[in-house]
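The values are calculated or read from the model by the stated rules, or taken from the named source; none is laboratory data. Quick caveat, the model's predicted, so the values are computed rather than measured. In this analysis, Cβ positions are derived from the backbone assuming ideal geometry, glycine residues included, and neighbour counts consider all displayed protein chains.
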Amino acid sequence: MTIRYTINVLKFTFFIIILLILSFPANSELSVEEIIKGRKALFSKNYSTAKRVQAFSSSGKFDKAKKLMLEMSENYKKLLIMFPENTKDGFKTEALPAIWEDKKAFNDLMVQSSNNMIKLADTIETTEDLSSTIKSLMWGSCKACHNKYRAEH
């Protein structure tokens, strides 16, 4: 593990703590509908952004792709707080019970997905196999989540 990676993990952990403290103030609560629709929109946004990352990377527009990768990384961080206990059902959620049954594993996957996007942004220009790197770090994260935590549709 490199020092840079360790520093990024520490920054990320600090960011998440601050985000959790600030995201749900005691005097304002989002409705179940707002939370479920919000997380669905965020996952949808990450998917459309991933397609753009793929296109930009394939055409050598790495600066544009990196910006989007970092945006996706931030979105994964936001998702950590978007699965409270009262949002298991309703509003056409595709989230499976496995999320709440092992919340730590789900949260770890969101953290890993965020870190994968940072790693992808750091290595995209120097990788020897662009397609495999994108498949592993970006699409692999999507697949890992879908396979375990999303209902078939």
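Pick out the one residue from Met72, Met138, Met110 that is surrounded by 14 or more Cβ atoms within 10 Å (Cβ to Cβ) and free of Cβ contacts under 8 Å to residues at least 40 places away in the same chain. Working first, answer last.
Values: Met72 fails: free of Cβ contacts under 8 Å to residues at least 40 places away in the same chain; Met138 fails: free of Cβ contacts under 8 Å to residues at least 40 places away in the same chain.
Only one candidate qualifies: Met110.
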Scan the helices (runs of 4 or more DSSP H) fully inside the range 37-153 and keep the ones with 2 or more residues being of a type in the set (Phe, Trp, Tyr) and touching a helix residue (DSSP H, G or I) at 6+ places or on another chain (Cβ under 9 Å). 62-79
Select, from Ser141, Ser131, Ser136, the only residue that is of a type in the set (Gly, Ala, Ser) and closer than 16 Å to Leu70 by Cβ. Ser141
Given the criteria over 25 Å from Ser48 (Cβ atoms) and either in contact with a Gly (Cβ under 6 Å, 6 or more places away or on another chain) or surrounded by 13 or more Cβ atoms within 10 Å (Cβ to Cβ) (or both), does Pro97 qualify? no
Determine the pairs where a residue that is aromatic (Phe, Trp, Tyr), located within the range 49-66, has a partner that is buried (at least 16 other Cβ atoms within 10 Å of the Cβ) with Cβ atoms under 6 Å apart, the partner being 6 or more residues away or on another chain. Phe56/Ala65; Phe62/Ile124
Among the numbered conditions (1) of a type outside the set (A, V, I, L, M); (2) in contact with a Leu (Cβ under 8 Å, 6 or more places away or on another chain); (3) more than 17 Å from Leu70 (Cβ to Cβ), tell me where Lys92 comes up short. (2)
Could you pull out the residue among Lys148, Lys119 that is surrounded by fewer than 16 Cβ atoms within 10 Å (Cβ to Cβ), among the charged types (D, E, K, R) and either over 17 Å from Lys45 (Cβ atoms) or touching a Phe, Trp or Tyr at 6+ places or on another chain (Cβ under 9 Å) (or both)? Lys148
Select from the range 88-122 the residues that are at pLDDT 95 or above and among the β-branched types (Val, Ile, Thr) and write down the one among them that is nearest to the chain's Cα centre (by Cα). Val111
